[in-house]
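See below for the structure under consideration.
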Amino acid sequence: MPTDTVLIALLIAAYLYWRHAQQVKEAALAATRRQCRLCEVQMLDDYVALSRFGLERTKAGKLRILRRFTFEFSATGKDRYQDVCIMQGTEVVAIEMPAYRSPPDLIPPAFSAEDLPGS
C-alpha cells in the first residue's frame, strides 16, 4: 500500500513538472515569434527546441531553473540563422540573434552629397 502511494505521488510530480515545462516552452515560442515580428524576419518551422537545462541563481539569490531554447529564422527566405532564447522560469532572460543580412529591398538607397541640407 505505501508503495502505491509513493508511485502515485511520483506520477503526479512528473505530470506537474511536464505541465510547467510545456508552459515555459509556450512562453519561449511566443517570445521568439514576437522578436521575429519586431525584427521583420520569418521564424522557420514555428518551433523552439530545448538545447540546455540547468540551475542558476537570480539576483535575489534564489535558485531557478534556466532553460536555453534554440530556434531558426530567415531574413530573405533563402538563408537560415539559428538563435537562442534563454528562459528563467517562465520569464525571458534574453533572446540572442546573430547578425544577419537584410533583404535588398529593406536597405535604404544610398544618397549623394546633393541630398544633404545646405548643398
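The values are calculated or read from the model by the stated rules, or taken from the named source; none is laboratory data. A quick note: this is a predicted structure, and the numbers were derived from the prediction, not measured. Cβ coordinates were reconstructed from backbone atoms using ideal geometry, including for glycine residues, and neighbour counts include every protein chain displayed.
Any residue that is exposed (fewer than 13 other Cβ atoms within 10 Å of the Cβ), modelled with pLDDT of 90 or more and of a type in the set (V, I, T) - is there at least one of those in region 11-29? Yes, that holds for at least one residue. Only one entry of V84, V24, V41 meets the criterion of being touching a residue at least 60 places away in the same chain (Cβ under 8 Å) and out of contact with any Cys (no Cβ under 8 Å at 6 or more places or on another chain), and that entry is V24.
When region 52-98 is limited to residues that are at pLDDT below 90 and of a type in the set (A, V, I, L, M), the one that is farthest from W18 (Cα to Cα) turns out to be A75.
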